[in-house]
């Protein structure tokens, strides 16, 4: 995978352009394929259940190595990851994912301090959320990240289609 421009995402195939009301051009709400990565199985399940209840398709992984394996075999529109995990942490995972797909929106979840957040920002995450968080806060932050990223992808595709540099 290289980037959303060169590699079609689930988003591009299902909802090729945003509507004024945040809906896909085919009328339904935007649906995403999301990879959820956390070594805490109950939290991983809750995040996947919350996203699924919003109409998104989720796959889960318990660490960065497993996540990279899933990522190389599937197409995802976003990744939600913890920072502290065995085998490969969320910062290293983010760097690897963005080297494969530079436009990929990645959200980091953390219960740790500012030094981890600075490292996450330097790694290229789109957003981060501090643990513990409410379901409402998570949905709001995820939706905001995806709305912004979806709009950027749509604009890039429009410019490429119209030949605007």
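In the set (1) surrounded by fewer than 18 Cβ atoms within 10 Å (Cβ to Cβ); (2) at pLDDT 95 or above, the condition left unmet by residue 78 is number (1).
Looking only at residues in region 9-49 that are part of a helix (DSSP H, G or I), in contact with a strand residue (DSSP E or B) (Cβ under 9 Å, 6 or more places away or on another chain) and modelled with pLDDT of 50 or more, the one that is surrounded by the fewest Cβ atoms within 10 Å (Cβ to Cβ) is 41. Candidates in region 85-109 are the residues that are free of Cβ contacts under 8 Å to residues at least 40 places away in the same chain and part of a loop (DSSP other than H, G, I, E, B); of these, the one that is nearest to the chain's Cα centre (by Cα) is 89. All of 160, 117 fail the test of being modelled with pLDDT under 95, surrounded by 14 or more Cβ atoms within 10 Å (Cβ to Cβ), in a helix (DSSP H, G or I) and out of contact with any helix residue (DSSP H, G or I) (no Cβ under 9 Å at 6 or more places or on another chain), apart from 117.
Test residue 128 against the stated conditions and say whether it is modelled with pLDDT under 95, within 12 Å of the chain's Cα centre (by Cα) and outside any loop (DSSP other than H, G, I, E, B). So residue 128 fits the description; yes. Scanning region 68-84 for residues that are under 12 Å from the mean Cα position of the chain (by Cα) and part of a helix (DSSP H, G or I) returns a single hit, 71. The single condition from (1) over 25 Å from residue 124 (Cα atoms); (2) modelled with pLDDT of 95 or more that residue 71 fails is (1).
Going through (1) modelled with pLDDT of 95 or more; (2) in contact with a strand residue (DSSP E or B) (Cβ under 7 Å, 6 or more places away or on another chain); (3) surrounded by 15 or more Cβ atoms within 10 Å (Cβ to Cβ); (4) within 14 Å of residue 35 (Cβ to Cβ) one by one, residue 146 falls short only on (1).
The values are calculated or read from the model by the stated rules, or taken from the named source; none is laboratory data. Since we're looking at a predicted model, the values are computed, not measured. Here Cβ is always computed from backbone atoms with ideal geometry, including for glycine, and neighbour counts include all displayed protein chains.
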